[in-house]
Structure formats: structure tokens, C-alpha cells
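Peer 1: Handing you a structure now.
The values are calculated or read from the model by the stated rules, or taken from the named source; none is laboratory data. As the structure is a prediction and not an experimental result, all values here were calculated from the model. Cβ placement follows ideal geometry from the backbone for every residue including glycine, while neighbour counts extend to all protein chains displayed.
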Amino acid sequence: MPRFARKKSATATYHIMMRGNNRHRIFNSNNDKELITGIIHKKVTIDKAILHAYCIMDNHLHMVVREGTAPISQTMKKIGISYAFYYNKQHNSLGHVFQDRYRSEVIENEKHLLAAVRYVHRNPVKAGISDLNSYKWSSYKKYLNVSFSNKPGIKEVLQISSSDPSQAIKAFIDFHEEITEDNFIDVKELSFEEAKVMADNYLKEAGICKSKLKNKDNKKLLETLVIELAKQSDLSLRAIATLLEQNRETVRKIMSKEPSL
């Protein structure tokens, strides 16, 4: 199935988000959150990747991670498969647990890395469910413990501010308390107008107009657009068909073939 090509990071570092299939809660209990946290650490360690930050919410998770010996896509696939096996067994269910493939964005410099780590840690604050210090299911409190300051993923972030652990931790806390408008990928869904802009920009880059999407030669491009619009928005199949000037049945057939992760 065709996909939007992922951007490659020159630093091999990415902010990643995975969410529950159909936006369902998939981390329902402390046991669920503890298990996915353990899986993340295990798979990252096996692939010699570097985990800078994570945060587990009820229906999605965030990570900031640097690719290891395996492609980041393989590491994320291992995490998804392992948790899905556990979840389906625990809940006596079948099928996909995570929605489609994970979403990612590149982190290219230290300033961006620090901002991404803050964004991930502040998810519970933004959601209004906890303050930074009280939330158990993120890596934030590990940064406040000097005994963790030599951990590779944490040390690299702290040393952006200072080589002295105590000073670095103080700067880290102050940075996280700042009120910002950081813009990173999240569970926010595209509106109809935002989805239209996304589709128009992609078609412009591809060098074709919407009317050409009906040509058989552009079938793969149409499939890509339909799938991405469905993934990034709450638009109905009818709305997607209208946006792309397609028949609703055409859109339905495309989505009926699309597997989730």
C-alpha cells in the first residue's frame, strides 16, 4: 500500500507518536502503562537505540528516540507487536491495537531536541490530568534524579544546558515550567479546511490536479491521499470523497483494504 514518504533525520532522532486503533483507550490501567513502558525500554535496548523521553497517555504514547542498529521503523514495529499480543490476551480480543503506522517527525538539532522532550513530558499537563511531578508514566522524574544523569538518553539532553548535573537539572526544570506554544505532532485532528490544504499541497508537489486522480495511472496516489486523510482527521468517508472529488464508494473500497498496525 503506498504511503507518504517519511522524512529522514540527519541526527537519526525522531519524535514519535502511536495511538490506539479507532482512537480507543489502550492503556486502561497502571498495569497496561507499566507493561508498555517495559516493552519500550526492552526493544530500544535490544536495538541499541537511545530513548530521550516518553509519555504514556490513555489512548496514545509519545517518544523521543534516536535510531539504533535497526531502522526506527523496525524498533517501533517490535514495540507495537509486543504490546498488541499482551493487550489482546488480557482483553480476550483479536485484531489491531494501534492505529495504522506510527507518526513521526525529525529532530535535527539540540534546541529542537530539548523542545521535543518538554512537549512529550507536558502532555498530561496539557490534557489537564496531572502536573509534571505527579505523573508516573513519563520519563520526566528520571531527569530530576542525579543517579539517572549518566544514562545516555538523559545525559545528552541535560548537557545541552550544563555539564554540571545539578545545574543541568535546575535548568531542565525551569525550561519545563515555561509556557510555550511548541508545535509537535499529537492527537489533534485536521479540520476539513486543514485536510484540504494538506491534499492540495501534496497534489501540487506531485504535479497533478484533483480531476486527474480519477485516472488509473494515479490510483496509488489516490489511495495514499485517502488513507492519510482518514488517519489524520475525523472526516467521514463522504467528506473525504467530497474533498478529493471522488465517488464515496471508491473511497470506501480503498479504506476497506487498508490494514491498521
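Peer 1: Can you work out which of the residues in segment 57-106 that are of a type in the set (Ser, Thr, Tyr), under 13 Å from the mean Cα position of the chain (by Cα) and surrounded by 16 or more Cβ atoms within 10 Å (Cβ to Cβ) is nearest to PHE27 (Cα to Cα)? Spell out how you get there, then give the answer.
Peer 2: Kept after step one, since they are of a type in the set (Ser, Thr, Tyr), are these residues of segment 57-106: 69, 73, 75, 82-83, 86-87, 93, 102, 104.
Imposing the further condition that a residue be under 13 Å from the mean Cα position of the chain (by Cα) reduces the set to 73, 102, 104.
From what is left, the residues that are surrounded by 16 or more Cβ atoms within 10 Å (Cβ to Cβ) are 102, 104.
On the way: TYR102: 16, SER104: 20 Å.
The selected residue is TYR102.
Peer 1: Quick check on my filter: what residues within segment 220-249 are at pLDDT below 90 and hydroxyl-bearing (Ser, Thr, Tyr)?
Peer 2: THR224, SER233, SER236
Peer 1: Can THR45 be described as of a type in the set (Ser, Thr, Tyr) and more than 17 Å from SER139 (Cβ to Cβ)?
Peer 2: On the way: of a type in the set (Ser, Thr, Tyr): yes; more than 17 Å from SER139 (Cβ to Cβ): no.
Taking the combined requirement at face value, the residue does not satisfy it.
Peer 1: Okay, next question. Condition check: of a type outside the set (Lys, Arg) and in contact (Cβ under 8 Å) with a residue 12 or more places away in the chain. Does VAL125 satisfy that? Can you show your working first?
Peer 2: Values: of a type outside the set (Lys, Arg): yes; in contact (Cβ under 8 Å) with a residue 12 or more places away in the chain: no.
No, not satisfied.
Peer 1: Quick one: which of ASN30, ASN59 is over 27 Å from SER233 (Cβ atoms) and modelled with pLDDT under 95?
Peer 2: Working: ASN59 fails: over 27 Å from SER233 (Cβ atoms).
Step by step, each of ASN30, ASN59 is checked, and only ASN30 is over 27 Å from SER233 (Cβ atoms) and modelled with pLDDT under 95.
One line per residue, one yes/no per condition, for (1) in contact with a Cys (Cβ under 8 Å, 6 or more places away or on another chain); (2) among the aromatic types (Phe, Trp, Tyr); (3) over 15 Å from TYR14 (Cβ atoms); (4) outside any helix (DSSP H, G or I):
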| residue | (1), (2), (3), (4) |
| --- | --- |
| ILE36 | no, no, yes, no |
| VAL44 | no, no, no, no |
| GLY68 | no, no, no, yes |
| TYR86 | no, yes, yes, no |
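Peer 1: Scan segment 11-58 residue by residue and report those that are farther than 17 Å from SER73 by Cα and of a type in the set (S, T, N, Q).
Peer 2: Selection gives ASN21, ASN22, ASN28, SER29, ASN30, ASN31, THR37.
Peer 1: Can I ask one more? Looking only at segment 8-27, count how many residues are touching a Ser or Thr at 6+ places or on another chain (Cβ under 8 Å) and modelled with pLDDT under 85.
Peer 2: Kept after step one, since they are touching a Ser or Thr at 6+ places or on another chain (Cβ under 8 Å), are these residues of segment 8-27: 14-17, 21.
Retained after the next criterion (residues that are modelled with pLDDT under 85): 21.
Residues meeting the conditions: 1.
Peer 1: Does segment 114-130 contain any residue that is modelled with pLDDT of 95 or more, touching a Leu at 6+ places or on another chain (Cβ under 6 Å) and surrounded by 19 or more Cβ atoms within 10 Å (Cβ to Cβ)?
Peer 2: Among the residues of segment 114-130, not one is modelled with pLDDT of 95 or more, touching a Leu at 6+ places or on another chain (Cβ under 6 Å) and surrounded by 19 or more Cβ atoms within 10 Å (Cβ to Cβ), which makes the answer no.
Peer 1: Which residue out of TYR135, TYR54 is in contact with a helix residue (DSSP H, G or I) (Cβ under 7 Å, 6 or more places away or on another chain), modelled with pLDDT of 95 or more and assigned to a loop (DSSP other than H, G, I, E, B)? Quick ask: steps written out before the conclusion?
Peer 2: Numbers: TYR54 fails: assigned to a loop (DSSP other than H, G, I, E, B).
Of TYR135, TYR54, the one residue that is in contact with a helix residue (DSSP H, G or I) (Cβ under 7 Å, 6 or more places away or on another chain), modelled with pLDDT of 95 or more and assigned to a loop (DSSP other than H, G, I, E, B) is TYR135.
Peer 1: What single numbered condition from (1) on the phi > 0 side of the Ramachandran plot; (2) surrounded by 12 or more Cβ atoms within 10 Å (Cβ to Cβ) fails to hold for ALA168?
Peer 2: (1)
Peer 1: Follow-up. Whether any residue in segment 129-144 is of a type in the set (Val, Ile, Thr) and in the same structural domain as ARG66 (by TED's automatic domain parsing) is what I want to check.
Peer 2: From segment 129-144, those of a type in the set (Val, Ile, Thr) are 129; that's our starting set.
From what is left, the residues that are in the same structural domain as ARG66 (by TED's automatic domain parsing) are 129.
Yes, there is a match, as at least one residue in segment 129-144 is of a type in the set (Val, Ile, Thr) and in the same structural domain as ARG66 (by TED's automatic domain parsing).
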